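Worksheet: one structure, shown below.
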Amino acid sequence: WCSWGWACEVTIAPGVAPGGENLALDGMGVVVWPNPNNGRQLWMAIDGLTDDVRTIAVDVHDLGGKRVMARGIALPTGQAGAQHGAMRVDLGGLASGTYVVAITAGDQRHVERLVIVD
């Protein structure tokens, strides 16, 4: 119910991820592919990590904000702070739709939209 009648217009800002974080942080470069995806595996490359980062968390949320997948990736010893080669993330066969992928490394967070198609 709106003060102007039975219907209200709602605008969803494209730059907000689950929890209210911004879509990208300076300092961490992330490339995610393929997108659109078949729902089985996702590849990513990350650079600009700080030396204290030892693990990367990858969370996938549906557009309702529900977390549908969570994975942790351990970085090889001696590679923190460097550019990391391609890393594979098993998506487990996500259903067709649009998702939000949140990649967290230390106190840095990067968020991408991911489209799954059959």
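The values are calculated or read from the model by the stated rules, or taken from the named source; none is laboratory data. From a predicted model like this one, the values you see are computed outputs, not experimental measurements. Positions of Cβ are backbone-derived with ideal geometry, glycine not excepted, and every protein chain shown enters the neighbour counts. What goes into the accessible areas is simple: the full protein's heavy atoms, side chains included, and nothing from ligands, DNA or RNA. Shrake-Rupley method; radii C 1.70, N 1.55, O 1.52, S 1.80 Å.
Protection proxy ranking of 40-46, 88-94, 99-105, 64-70, by the mean of other Cβ atoms within 10 Å over each peptide's residues and highest first, is 99-105, 40-46, 88-94, 64-70. Accessible area per residue was computed with a 1.4 Å probe on protein heavy atoms; Asp107 scores about 140 Å². One decimal place: the segment Asp90-Val68 gains 6.7 nm when fully extended, by the rule 0.36 nm per residue minus the C-alpha distance.
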